[in-house]
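The values are calculated or read from the model by the stated rules, or taken from the named source; none is laboratory data. Predicted model, so just to flag it, every value in this text is computed and none were measured. Heads up, the Cβs are rebuilt from the backbone with ideal geometry, glycines too, and the neighbour counts pull from every protein chain shown. SASA here: full protein model, heavy atoms, side chains in, ligands and nucleic acids out. Shrake-Rupley method; radii C 1.70, N 1.55, O 1.52, S 1.80 Å.
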Amino acid sequence: MTKKRILVLGGGFAGVDCAKKLESYFHSNYDIEITLVSDDNFLLFTPMLPQIVAGTITPRHIVMPLRALCKKARIYESVVRDIDPIQQHVTLEGTPERIGIRIHYDYLVFALGSKTNFFGLQNVEKHSFTMKTLADALSLRNRLIDMLEQAENETREELKQRLLTFVVVGGGFAGVETAGEINDFLHDALNYYHNINKVDINVIIIEALSSILPGFNKKLVEFAHSKLEKNGIKIILENAVTSFDGKNVILNKLSNPSVDIDSKNIINSHTLVWTAGVTPVEIIQNSIFKIKKGKIIVNEFLEIPNYPGVFAIGDCSQFDDEVNNKFPPTAQLAEAHAKLVAYNIKQTIENKEKKKLEYSWKGQSAIIGKHYGIAEIMGMKITGFWAWILWDKNCIFRIFS
């Protein structure tokens, strides 16, 4: 058999799972070359980033070295600079110590994930915190401590209030879980700050939709909403952030679009955490592939039409029809994509029939504070401590599987 070169771009859930599955198919076949390109040399378990903020776990618990996960694949820690599907090669960024590298391929898998979407709000992007990387989580944790330190000895009430007000934009998984962990951390820390009272802490979630946690069962959402508010978190719905200068968060009421600028709400805060949306990375948006909603259009085999042997999976892929786009972009969907594409590449190499995507939703869960959560598993709706246990066990299983 002629030697085949498989190139996987992206070291997230989708990319790593795809590379691992390919290794299982071709572990003893030396005519198959598998290459994995990633910005980092580790896989980050992003669902547990909020726990890094709160300090309930340490970074080493959610970081797994790629070379320990992928034994056969050749790994490059680099950024993709250019993709040429006609000549079938990818060029990687160079560094001061190393020139750029060009990698040729026979099969290409896009698993480059997404980046934070600020929807053109440049001042928000400049002054806010995000929750995409390990550095983001550690930076936010340091920010919380810094605000507590400043507020402890601040005598001006207005400034103290601003220091202790923390705004989280986005009521999805990331926003709710981040707000819950921030709130728990701040209240636990009060034992060490004698001039700050419980009533001084102000954690706010802002969501543009009419409810938090879209996609969850209505009763579970109501439980989560009630529990978050009971824990002291304020939830503002149907409002969008339009500006943040590092001191003031400006909101626009979406339920009344005719409202003029003078009647907009303002929240005084030095800390805004943005979890309101994601968008594909620029290398995909600027590619020659057909794009829909910023993502590469794929067929039922997750293959890019008109480019045989080129696939897109995870957050950067999009079906042309709406039927197959009904599932949220979670780790379990990325894993399903990865396994299917690895299988279809194997089938293509062996001149066998490929398989279409057939995916069954396994359920979902979210934590809403210390030892509390909500979950939908196999038709069951679970709240409270046992939902938190399910979430925790699922994360542990996913990390070590």
### Query
Looking at (1) part of a loop (DSSP other than H, G, I, E, B); (2) modelled with pLDDT of 95 or more; (3) over 16 Å from Ala111 (Cα atoms), which is the one condition that is false for Gln347?
(1)
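For the structure I just gave you, tell me whether Leu134 is touching a residue at least 12 places away in the same chain (Cβ under 8 Å) and surrounded by fewer than 18 Cβ atoms within 10 Å (Cβ to Cβ). Talk me through it step by step, then tell me what you get.
Working: touching a residue at least 12 places away in the same chain (Cβ under 8 Å): yes; surrounded by fewer than 18 Cβ atoms within 10 Å (Cβ to Cβ): yes.
For Leu134, the condition - touching a residue at least 12 places away in the same chain (Cβ under 8 Å) and surrounded by fewer than 18 Cβ atoms within 10 Å (Cβ to Cβ) - is met.
Condition check ((1) of a type in the set (D, E, K, R); (2) in contact with a Gly (Cβ under 7 Å, 6 or more places away or on another chain); (3) farther than 19 Å from Asn248 by Cα) across all residues:
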position: Lys115; (1), (2), (3): yes, no, yes
position: Phe129; (1), (2), (3): no, no, no
position: Gln150; (1), (2), (3): no, no, no
position: Asn153; (1), (2), (3): no, no, yes
position: Ala179; (1), (2), (3): no, no, no
position: Lys198; (1), (2), (3): yes, no, yes
### Message
Looking at segment 114-130 only, could you name the residues that are over 18 Å from Thr178 (Cα atoms) and of a type in the set (Lys, Arg)?
### Response
Lys126
### Task
Look at Glu335 and say whether it is among the charged types (D, E, K, R), assigned to a helix (DSSP H, G or I) and modelled with pLDDT of 90 or more.
yes
### Query
For Ala342, are the conditions met, namely being modelled with pLDDT of 90 or more, part of a helix (DSSP H, G or I), of a type in the set (A, V, I, L, M, F, W, C) and open to solvent by 10 Å² or more (accessible area, probe 1.4 Å)?
no
### Task
For Thr2, indicate whether it is of a type in the set (S, T, N, Q), buried (at least 19 other Cβ atoms within 10 Å of the Cβ) and modelled with pLDDT under 95.
no
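Here is a yes/no grid of residues against (1) open to solvent by 40 Å² or more (accessible area, probe 1.4 Å); (2) more than 24 Å from Ala336 (Cβ to Cβ); (3) among the β-branched types (Val, Ile, Thr):
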| position | (1), (2), (3) |
| --- | --- |
| His89 | no, yes, no |
| Tyr107 | no, no, no |
| Ala111 | no, no, no |
| Gly120 | yes, yes, no |
| Asn123 | yes, yes, no |
### Summary
Scanning segment 289-303 residue by residue, the ones that are in contact (Cβ under 8 Å) with a residue 40 or more places away in the chain and either open to solvent by 50 Å² or more (accessible area, probe 1.4 Å) or closer than 17 Å to Lys346 by Cα (or both) total 4
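Kindly indicate which of Ile103, Ile52, Ile75 is under 30 Å from Asp146 (Cβ atoms) and open to solvent by less than 40 Å² (accessible area, probe 1.4 Å).
From the options Ile103, Ile52, Ile75, the qualifying one is Ile52.
Is at least one residue of segment 177-190 hydroxyl-bearing (Ser, Thr, Tyr) and out of contact with any helix residue (DSSP H, G or I) (no Cβ under 7 Å at 6 or more places or on another chain)? Outline the logic, then answer.
Kept after step one, since they are hydroxyl-bearing (Ser, Thr, Tyr), are these residues of segment 177-190: 178.
From what's left, out of contact with any helix residue (DSSP H, G or I) (no Cβ under 7 Å at 6 or more places or on another chain): none.
No; the residues of segment 177-190 include none that is hydroxyl-bearing (Ser, Thr, Tyr) and out of contact with any helix residue (DSSP H, G or I) (no Cβ under 7 Å at 6 or more places or on another chain).
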